[in-house]
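These notes concern the structure reproduced below.
The values are calculated or read from the model by the stated rules, or taken from the named source; none is laboratory data. These figures come from a predicted structure and were not determined experimentally. Accessible surface areas use protein heavy atoms only, side chains included; no ligands, DNA or RNA. Shrake-Rupley method; radii C 1.70, N 1.55, O 1.52, S 1.80 Å.
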Amino acid sequence: MDGCFDMMHYGHCNALRQARALGDQLVVGVVSDDEIIANKGPPVTPLSERMIMVHAVKWVDEVIPDAPYAITEDFMRKLFDEYKIDYIIHGDDPCVLPDGTDAYALAKKAGRYKQIKRTEGVSSTDIVGRMLLCVRERSVSDTHKNQNHSSLQRQFSHGHSQKIDDGGSCSGTRVSHFLPTSRRIVQFSNGKGPGPDARIIYIAGAFDLFHAGHVEILRLARGLGDFLLVGIHTDQTVSASRGAHRPIMNLHERSLSVLACRYVDEVIIGAPWEVSKDMITTFNISLVVHGTISESNDFQKDEGNPYAVPIGMGIFKVLESPLDITTTTIIRRIVANHEAFLKRNEKKAESERRYYEGKGYVSGD
C-alpha cells in the first residue's frame, strides 16, 4: 500500500490495518515531497516526519521512502520483483492524477489490485478545516485576509455546519462524523496486559493531531520498561489547559491514533489530569515520564503540579524530547501556508471531477 500519509490520522491507520489483514506482510510506500507538491500541493508534514509516522504504525512491516504518486510500470515491476509484492492496495475512494486518470490503472490492469473500505468521518482535508475554523479570529487581522480565510474554511470544511459561539470558542471543531464503537477499539488494541513482573511506564497528554514528536517520545518511554501505558486526557481537560479551541481531534479520535502506535501497549481513555497514588497502585506503575517539549510546562510547577505524587515517590522522570514539534507547530504550518492549501484542495476537487466525468457519472448539483 502507498500514500502521502500527510497529517497522519486514525483513518490512515485503519487503512493500514485493513491492508495488513489481507496478507502476511505489509510494505508501505511513502510518497516523496516533490511528488505530493506536483500532484496535490505542499504537504503539511515533510517526508522525514511522515516516515516516522508510518514506521510507527503497528501493522506496518516495511517502509519504502520516496514512492511515486502514481504506480508506474517501472515501479510496479520493482514491487513485484524486488519486494515480492503480491497485491497493491488502496481505499475505495478515487486516487486521481492532475489529468483526471486513475493512479492505480496499471495495477488494476495487471490483476494485482485489491480495495479496502475507506474510514468514514475523517480526512486530512477535514482536519485542516477544523484547524482553520479554530484560528480564524486569532490569525487574521484585516478584512481582506478575513475574506480569504473564510473562503478557505468553506473549502476545507466541506460546508459542514460548525457552530461557533460569540465568544470565539471553537467547540464546534470537536464535532466529527466519527462514531466510536467497541469493535473499532478492540481492532486497534493489542489485547494483552502486562506480565506479573513487568516494569510499567506511564505517560499522559492530549496527543492532539498525533505527530512525529509524539511518536518519538513514546518510543523513548517504551524503551524504559516492558509495558507502556498512555493516558489520553478528556476534551474538557485539554480545553481547560489549552483554551476553548483545543483539542482539534476528539478523545476517541486521539485514543485510536495513539493505540495504533507500535510503542504503545494500552491507553487510558479519559485519563485524569493528576497522577494519584491510587492510580499508581491500581495500574502498578513503576515510572511516570514527561517530555521536555510540550504545550505546557505543568510538570515544572511547584503548586498544582499534576505529577506531585510520583515526584514525591521518586518515580518521575523528564525525558529529552527528540523532536521540537507540538500540535501548535502543525497548526502554524497550516496557517502560514493557507493560500497554498486552498489551491491544493481546489486541485484535488478538479481532479476528482474529471475522474468521475470520465467514468460517466454526472454531478447531482
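Between amide H atoms placed 1.01 Å from N, distances below 5 Å from Gly231 occur with Ile203, Ala204, Gly205, Ile268, all of them 5 or more places distant or on a separate chain. The amide H of Val63, built 1.01 Å from its N in the peptide plane, has Val28 as neighbours under 5 Å, considering only residues 5 or more places off or on other chains. Per-residue surface analysis assigns Val128 an accessible area of about 10 Å², computed on protein heavy atoms at 1.4 Å probe radius.
Across the stretch 2-116, the convex hull enclosing all Cα atoms gives 98 Å³ per residue. The residues of the stretch 182-319 have, on average, 42 Å² of accessible surface per residue, using a 1.4 Å probe with all protein chains present. Remark on Tyr113: its backbone amide H falls under 5 Å from those of Ile88, a criterion applied only to residues 5 or more positions apart or on other chains, H modelled at 1.01 Å from N.
Our summary gives the stretch 2-116 a relative contact order of 27 percent, counting only alpha carbon pairs under 8 angstrom and 6 or more residues apart. Per-atom-type breakdown for the stretch 173-266 gives carbon and sulfur 52% of the accessible area (1.4 Å probe, protein chains only). For the set Arg130, Arg183, solvent exposure ranked by accessible area (probe 1.4 Å, protein chains only) runs largest to smallest as Arg183, Arg130.
The HN-Hα couplings worked out from phi for the stretch 100-110 by the Karplus form 6.51 cos²θ - 1.76 cosθ + 1.60 (θ = phi - 60°) are x, 8, 6, 5, 10, 4, 5, 5, 5, 5, 7 Hz, whole numbers, x standing for Gly and Pro.
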